[in-house]
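K.L.:
My structure is below; once you've seen it, I'll send some questions.
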Amino acid sequence: MAEKTNLFICPTCGAPLEPPVGASTMKCGYCSNSIIIPESARSGVRIQGFEGGMIGMDLKDLTSQAKRLKEVRELALAGNKIEAIRRFREITSVGLKQAKDAVEAMAEGKMINIQMGGETTVSPQVISSLPEEMQPRIHIDSEKVRKAGRGIDCGIGGLILFILAVTIIPILFAMGAPGGPLAGVEAQINPAAFAKPILTFGEQGSGAGMLDDPRSIAVDGDGNIYVADYSDGRVQAFDAMGKFLNLISVGAKNYIGGMAASRDGTLYIAYSSDIWIYNGKTGQALGKIEYADDHYFDDVTIGADGSIYTVSRGEDILRFSPQGQILLSIPDAISSVSGDSELDTKIAVDGLGNIYALGTFNYSVFKFSPEGRYQNRFGSEGEGDGKFRAPYSITVDGYGRIFVGDIWGVQVFDSQGLYIKTFDDPSASSVIFGMAFDSQNNLYAASNKPQVIKFQIKKPE
């Protein structure tokens, strides 16, 4: 039987608190104020069940549900509705139509109304009593809760609803799940965050400076920012402050798999099986990388020496000189190590030339030396620090730290693969896709909000 936890909310900072056994007062660990513990929180009441007839106060159960529902919403926002519907049904046990309606509502940013007992309806209202970044998209019907909680003291019942509304549900959308159940609260209390947003720009649309489905991003030596939409063929250039400069169109039917920029503003864009080259500042087409062997280039990045690294046919890693000469080939880079096939590898390179290949179907990062020798593997499928649920992108900062973009946030590792930190879009309402660093070690991220976020990254201690 899981151990049950009585919680109450700090009236000053809103943090969830667990009272010491037998105590009537305590000090808040977040704001340091002295708090009188409510009588209801001092009691040993056990309230069972969360998915069934009664609300459960097992914190592990509630935060587990929160993380799973957060993931469903992020899948819906990312356009992966089939997977979102499947997981929503696993969590709620509702019918296919109800799950489909709920996921459609999530994708449109609407609130969904989960009624206890398995019945789910969709409501167009949006909760506005909290700040926008904390507004929940999940509402638990209080009448159903009251009926389910027959025999429970009404004061305790009110406390439960308050905890759900103020603590668990905001955590659902504000926390970085792999960092722990209080990561969202910690981020609000601790302003000296590991990744501090210092610039955001972009909004939904097809006009100049507007974004549709940005998944690739690059930065040149002058701080110009290049953002590529995945499916409409648009690559837009912005200055260092996010002001629109010019547009490159590679064709609306071409899906852009990756993009990188050299220091002089030369763009390398992976689409239509090849790596195409453009002058990012003028938009002029400069040709493509010529490679005689059978290939299908999927991703691309630039090394510190200007070398071009790319992935072909899902997992073959290739390195070209700036002039387009082949310098290195690592065939079957992922499957030759893992024994499992890989269809989608993302690539990053550090300042020493070490290669980091993210096998998204293998849920791992594979490290190779500059000469192409396999050195290390880290990460696995699952929940928690250092594990991946749906990894999408990878990049390396100037200190050799590896950043992996996952549906639950960006996880950071040292050069040996040891987990360091997880962070996310502070609004907790988007999924980060493409990432790139500038020469000042600022991180630029393309999210499905859709917008670009520039983070100031904390230096190693």
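K.L.:
For segment 195-457, report the translational diffusion coefficient in µm²/s to the nearest whole number, using Stokes-Einstein at 10 °C, 1.306 mPa s, and a Kirkwood Rh over Cα pairs. Provide the component values of the computation, followed by the final result.
P.N.:
Details: Rh = 18.0 Å.
D, rounded to a whole number, is 88 µm²/s.
K.L.:
Taking the Cα centre of segment 306-361 as origin, work out the dipole magnitude from +1 charges on Lys and Arg Cβ and -1 charges on Asp and Glu Cβ, in debye rounded to 20. It would help to have the intermediate numbers written out before the result.
P.N.:
Numbers: 3 positive and 7 negative charges, 46 e Å.
The dipole magnitude comes to about 220 debye.
K.L.:
Within segment 289-321, find all residues whose amide N lies under 12 Å from a label point positioned 7 Å from the Cα of ASP264 along Cα-to-beta-carbon.
P.N.:
Within reach of a label on ASP264: 306.
K.L.:
Let's test the formula: R0 of 25 Å, r as the Cβ-Cβ distance of GLU371 and SER415. What FRET efficiency results, to the nearest 0.05? Before the final figure, lay out the partial values.
P.N.:
Details: r = 17 Å, r/R0 = 0.66.
The value I calculate is 0.90.
K.L.:
With +1 on each Lys and Arg Cβ and -1 on each Asp and Glu Cβ, and nothing else charged, work out how big the dipole of segment 195-457 is about its Cα centre, in Debye to the nearest 20.
P.N.:
Working: 20 positive and 33 negative charges, 98 e Å.
Roughly 480 debye, rounded to the nearest 20.
K.L.:
Another one. Distance between Cα centroids, segment 384-430 to segment 268-343: provide it in whole Å.
P.N.:
23
K.L.:
In debye, nearest 20, what is the charge dipole magnitude of segment 372-461 about its Cα centre with +1 on Lys and Arg Cβ and -1 on Asp and Glu Cβ, if you could check?
P.N.:
For segment 372-461, the charge dipole is close to 160 debye.
K.L.:
Along the charge dipole of segment 203-329, which of SER312, TYR296, ALA218 sits closest to the positive end, that is, farthest toward it, with unit charges on the beta carbon of Lys, Arg, Asp and Glu (+1, +1, -1, -1)?
P.N.:
Farthest towards the positive pole: ALA218.
K.L.:
Would any residue of segment 416-459 have its amide N under 14 Å from a label point 7 Å out along Cα→Cβ of GLU83? List them or say none.
P.N.:
431-433
K.L.:
Can you tell me the length gained on complete extension of the stretch SER335 to ILE91, counting 0.36 nm per residue apart and subtracting the Cα distance? List each step's numbers first, then the result.
P.N.:
Working: separation 244, 0.36 × 244 = 87.84 nm, distance 3.33 nm.
Working it through step by step, the gained length comes to 84.5 nm.
K.L.:
Measuring from a point 7 Å past the Cα of ALA285 along Cα-to-C-beta, which residues in segment 220-261 have an amide N at less than 19 Å?
P.N.:
Those under the cut-off are 228-237, 246-260.
K.L.:
Select from LEU199, TYR268, SER447 the residue farthest towards the positive end of the dipole of segment 195-457; place +1 on Cβ of Lys and Arg, -1 on Cβ of Asp and Glu, and compute about the Cα centre.
P.N.:
After comparing all options, I get LEU199.
K.L.:
A further question follows. What's the ranking of 356-368, 332-344, 253-265, 199-211 by average number of surrounding C-beta atoms within 10 Å, highest first?
P.N.:
356-368, 253-265, 332-344, 199-211
K.L.:
Give, as a single signed number, the net charge of other residues whose beta carbon lies under 15 Å from the beta carbon of ASP340, with Lys and Arg counted +1 and Asp and Glu -1. Mind showing how you got there, number by number?
P.N.:
Details: positive: ARG377; negative: GLU315, ASP332, GLU342, ASP344, GLU381.
Residues close to ASP340 contribute a combined charge of -4.
Just so you know, all these numbers are worked out from the coordinates, no wet-lab data involved. Since the structure is predicted, the reported quantities are computational estimates derived from the model, not experimental observations. When we count neighbours, we look across all protein chains shown, and the Cβ atoms used for this are built from the backbone with ideal geometry, even at glycine.
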